[in-house]
Amino acid sequence: MMRLKHCHNYQDFRTLAEKRLPGPIFNYIDGAADDEVTYRRNTASFDDCDLVPNILTGVEDVDISVTIMGQRLDMPFYCSPTALQRLFHHKGEKAVAAAAEKYGTMFGVSSLGTVSLNELRKHKTPQFYQFYFHKDRGLNRAMMENASEAGIEVMMLTVDSITGGNRERDLRTGFSIPFRLTLGGMMQFAIKPMWGINYVTHEKFRLPQLDDHVDMSDGALSIGRYFSEMLDPSMNWADVEEMVKLWDGQFCLKGIMSVEDAKKAVDIGCTGIILSNHGGRQLDGSRSPFDQLAEIVDVVGDKIDVIMDSGVQRGTHVLKALSLGAKAVGGGRSYLFPLAAAGQPGVERALELMRAEIVRGMQLMGCKTISDLSRKNLKFR
Ligand SMILES: Cc1cc2nc3c(=O)[nH]c(=O)nc-3n(C[C@H](O)[C@H](O)[C@H](O)COP(=O)(O)O)c2cc1C
């Protein structure tokens with residue numbers, strides 16, 4: 001029987017998560033949009049270049065800390081915001097926040113998070129609040145004020161989800177909130193009874209970031225309808241500029257992919273951009289952030305913190321992105337599978353493996369600090 005101690009990498013955690021989770025939930029995490037071409041390319045893009053080490057540099061002490069958007073992190077990898085974490089493990093965001101705190105890194109809380117911002121503040125590690133833009137401007141202001149009162153360090157507006165991606169695995173299983181399972185989907189829950197027992201014996205599933213403001217009780221509003229009815233597809237640069245001014249602090253846009261948009265983010269006063277395609281879950285056929293990274297760093301890298309996520313599974317992926325000029329790198333599934341596999345100890349093990357891979361990689365590259373990494377250490381094939 002596979003256990004946490006047998007998990008040595010991303011694929012091991014994924015296998016264990018698949019064993020523990022009912023199929024529809026596993027596929028919600030694992031799946032992506034349309035033909036999942038972008039999802040596959042995200043990780044494959046790291047294989048188009050090779051690391052070129054410099055040896056004999058004296059690497060007994062390696063410092064992998066970084067500072068992004070004014071926040072010091074002990075490692076250059078953080079946990080990207082993801083929705084619905086208490087469906088994956090009953091401790092959800094609490095487990096992720098505690099693990100992030102232990103490793104001195106940042107974590108994001110989604111608008112569709114299942115633990116409140118305030119409850120997570122007890123973890124003394126910087127927190128992103130991931131925000132969606134609503135038609136109701138009063139609601140936007142109220143949510144931002146709430147985040148500000150909670151002492152959130154960095155506001156993160158996701159800009160790649162103006163409408164939901166076409167996730168066909170979810171259509172097949174009937175995954176949605178509230179659940180509308182197909183018969184096949186229901187059968188897959190029936191064969192994983194432990195998940196159901198945990199679900200009903202722990203505190204009630206809630207979406208506290210929203211249900212303080214929106215009636216999500218007893219299925220009054222599904223997540224699908226939340227996206228189609230409450231979010232504002234007319235959101236534009238002027239709206240975001242107003243938000244940046246109102247927040248008056250560290251503010252980043254998640255899902256920037258073009259050079260033009262990166263420049264606009266600088267112009268409206270953002271302090272960071274996250275190159276991301278949402279882990280391939282939105283626009284299939286879109287470019288991978290790693291493929292696009294150098295072009296954007298070249299134009300705005302000295303004016304704004306350029307960060308990336310999507311497809312990162314290894315410490316060497318992080319080293320390649322940092323060598324191109326990213327300031328830090330985020331991951332989604334790389335901590336969600338560990339969360340589903342084993343809760344907080346799972347996320348801790350994943351972060352420990354990532355930390356160890358980055359340190360080992362740095363030593364083998366002959367680098368003592370992150371600033372030693374540069375494009376000289378990278379060769380495209
Ligand atoms: C299950 C799941 C839920 C997610 N929920 C959100 C979300 O609520 N808001 C958001 O901005 N990004 C969300 N993301 C995207 C992640 O923040 C991140 O961009 C993505 O997972 C990176 O790709 P990776 O999984 O290959 O690391 C989600 C991703 C996954 C896998």
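With r defined as the distance between the Cβ atoms of Asp74 and Ile268 and R0 fixed at 41 Å, what FRET efficiency is calculated, to the nearest 0.05?
The computed FRET efficiency comes out at 0.85.
Glu229 to Thr15: FRET efficiency via 1/(1 + (r/R0)^6), r the Cβ-Cβ distance, R0 35 Å, to the nearest 0.05?
That pair, Glu229 with Thr15, gives E of 0.40.
Under a 1.4 Å probe, what is the accessible area of the range 224-324 per residue, stated in Å²? Write down the numbers at each step before the final one.
Working: 3800 Å² over 101 residues.
On a per-residue basis, 38 Å².
Count charges around Val66 for me, please; just the other residues with Cβ under 12 Å from its Cβ, Lys/Arg as +1, Asp/Glu as -1.
On the way: positive: Arg72, Lys327; negative: Asp63, Asp74, Asp305.
Every neighbour counted, the sum reads -1.
Of Gly361, His134, Thr15, whose Cα points farthest to the positive end of the dipole of the chain (charges on the beta-carbon: +1 Lys, Arg; -1 Asp, Glu; origin at the Cα centre)?
My answer, from the dipole projection, is Thr15.
Give me a comma-separated list of calculated 3J(HN,Hα) values for the range 289-298, in order, Karplus coefficients 6.51, -1.76, 1.60 applied at θ = phi - 60°, integers in Hz, x for any Gly or Pro.
Rounded to whole hertz, the list is x, 5, 4, 9, 4, 4, 4, 6, 4, 4.
Keeping all protein chains in place and using 1.4 angstrom, which order do Lys254, Lys264 fall into by accessible surface area, from largest down?
Per-residue accessible area, sorted high to low, gives Lys264, Lys254.
What FRET efficiency, computed as 1/(1 + (r/R0)^6) with R0 = 22 Å and r the Cβ-Cβ distance, is obtained for Phe205 and Glu119, rounded to the nearest 0.05? All intermediate terms of the calculation are to be shown ahead of the outcome.
Values: r = 15 Å, r/R0 = 0.67.
Working from the Cβ atoms, E equals 0.90.
Which order do Ile274, Ile177 take by accessible area at a 1.4 Å probe, largest first?
Details: Ile274 0, Ile177 25 Å².
The residues order as Ile177, Ile274, largest area first.
Only sites in a loop by DSSP and with at most 14 other Cβ atoms within 10 Å count here; which GluC sites (Glu not before Pro) in the range 57-121 make the cut?
Glu60
Label-point separation (nm) for Asp239 and Ser176, each offset 7 Å from Cα along Cα-to-Cβ?
My value for the distance between the label points is 2.3 nm.
Just to check I understand the Karplus step: with θ = phi - 60° and J = 6.51 cos²θ - 1.76 cosθ + 1.60, what whole-Hz values come out for the range 234-246, glycine and proline as x?
After applying 6.51 cos²θ - 1.76 cosθ + 1.60, I find 8, 3, 9, 4, 5, 4, 5, 4, 4, 5, 4, 5, 4 Hz.
Would you mind checking Lys263/Lys320; Lys94/Lys122; Lys91/Lys122; Lys135/Lys263; Lys124/Lys368; Lys124/Lys320 for any pair whose Cα atoms are more than 18 angstrom apart? Intermediate results must be reported in sequence, preceding the final value.
On the way: Lys263/Lys320 23 Å; Lys94/Lys122 10 Å; Lys91/Lys122 15 Å; Lys135/Lys263 26 Å; Lys124/Lys368 27 Å; Lys124/Lys320 29 Å.
Where the Cα-Cα span goes over 18 Å, the pairs concerned are Lys263/Lys320; Lys135/Lys263; Lys124/Lys368; Lys124/Lys320.
Put Asp61, Asp50 in order of accessible area, largest first, 1.4 Å probe: what do you get?
Asp61, Asp50
For the range 115-127, just list the computed ³J(HN,Hα) in residue order, Karplus coefficients 6.51, -1.76 and 1.60, θ = phi - 60°, integers in Hz, with x standing in for Gly and Pro.
3J(HN,Hα) across the range 115-127, in whole Hz: 9, 6, 4, 4, 4, 7, 5, 5, 7, 7, 8, x, 10.
Name the shape class, rounded, prolate or oblate, that the alpha-carbon gyration tensor gives for the range 102-247, where a ≥ b ≥ c are the square roots of its eigenvalues, rounded holds for a/c under 1.5, and otherwise prolate holds if a/b is larger than b/c and oblate otherwise.
Values: a/c = 2.09, a/b = 1.39, b/c = 1.50.
In terms of gyration-tensor shape, oblate.
Considering the convex hull of the alpha carbon atoms of the range 236-381, report its projected area averaged over all viewing directions, in nm², one decimal.
10.3 nm²
In the neighborhood of Leu56, defined by Cβ-to-Cβ distances under 15 Å, what is the net charge if each Lys or Arg adds +1 and each Asp or Glu adds -1? Walk me through the numbers on the way to the answer.
Details: positive: Lys368; negative: Glu60, Asp372.
Neighbour charge sum, excluding Leu56 itself: -1.
When the gyration tensor of the chain is built from Cα positions, what are the square roots of 5 times its three eigenvalues, in whole Å, from largest to smallest? Working shown, then result.
Details: eigenvalues 191, 132, 76 Å².
Largest first, the chain gives 31, 26, 19 Å.
Which residue, chosen from Asn42, Asn54, Pro81, occupies the Cα position most advanced towards the positive end of the dipole of the range 37-88, where the dipole is computed from +1 (Lys, Arg) and -1 (Asp, Glu) charges on Cβ about the Cα centre?
Pro81
The values are calculated or read from the model by the stated rules, or taken from the named source; none is laboratory data. A quick note: this is a predicted structure, and the numbers were derived from the prediction, not measured. Positions of Cβ are generated from backbone atoms using ideal geometry, with glycine treated the same way; all protein chains shown enter the neighbour counts. Each accessible area value is taken on the protein alone, full model and side chains, heavy atoms only, with ligands, DNA and RNA left out. Shrake-Rupley method; radii C 1.70, N 1.55, O 1.52, S 1.80 Å.
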